[in-house]
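One structure is given here, and the rest of the page talks about it.
The values are calculated or read from the model by the stated rules, or taken from the named source; none is laboratory data. Not measured: the values here are computed from a predicted model. Here the Cβ is made from the backbone with ideal geometry for all residues, glycine too, and neighbour counts use every protein chain on show.
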Amino acid sequence: MIGLFVGKFQPPHLGHVISIMSIYNDYDKIIIGVTEGEPRVMSLDKTVTILDLVFEHLPKIEVYPIKGTLDNRSAIPYLPDEWDEIITGNSLVINLAKEEGWNYRYLPRTKGIGYSGTELRKLYEL
């Protein structure tokens, strides 16, 4: 089974790594789908590069840039060709999955200091 773990990853952080590793053994392959959109503290290319470096030694993980956002559905034509289940902690993406008839898995967001993109983006503003 191929899982598609989607998000903006702004910025990539320990919570993302923990979430992905918590489901690693549940899938034959995990595609980390990095979408565009706001808020943005680094480019899509830089985000993909960082995630590639973090997961480079895990053969079941592929990092895949996705044009557009799921918030406004513009990313749908740019999703990978092959995947079985979309994985997210975002309720808007869950609603989209239900509307589109996609299989989905709700993965609660990690909690704690350093595990929140919102928290880390505030540090960028300092």
Can you pull out the residues in region 1-26 that are closer than 16 Å to residue 80 by Cα and not charged (D, E, K, R)? 1, 2, 3, 4, 5, 6, 7
Do any residues in region 73-85 that are loosely packed, with under 12 Cβ neighbours inside 10 Å have Cβ atoms under 9 Å from those of residues that are in a loop (DSSP other than H, G, I, E, B) and of a type outside the set (Ser, Thr, Tyr), where the two are at least six apart or on different chains, and which pairs are they? 77/67; 77/68
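Matching residues to (1) in contact with a strand residue (DSSP E or B) (Cβ under 7 Å, 6 or more places away or on another chain); (2) modelled with pLDDT of 75 or more; (3) part of a helix (DSSP H, G or I):
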position	(1), (2), (3)
82	yes, yes, no
95	no, yes, yes
105	yes, yes, no
108	no, yes, no
114	no, no, no
118	no, no, yes
123	no, no, yes
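Quick one: would you say residue 60 is charged (D, E, K, R), surrounded by fewer than 16 Cβ atoms within 10 Å (Cβ to Cβ) and in contact (Cβ under 8 Å) with a residue 12 or more places away in the chain?
Considered against the rule, which asks whether it is charged (D, E, K, R), surrounded by fewer than 16 Cβ atoms within 10 Å (Cβ to Cβ) and in contact (Cβ under 8 Å) with a residue 12 or more places away in the chain, residue 60 comes out as yes.
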With respect to residue 56, is the statement that it is among the acidic types (Asp, Glu) and more than 15 Å from residue 3 (Cβ to Cβ) true? yes
Those strands (runs of 3 or more DSSP E) lying entirely in region 1-78 with at least 2 residues over 18 Å from residue 107 (Cα atoms) and within 12 Å of the chain's Cα centre (by Cα): 61-66
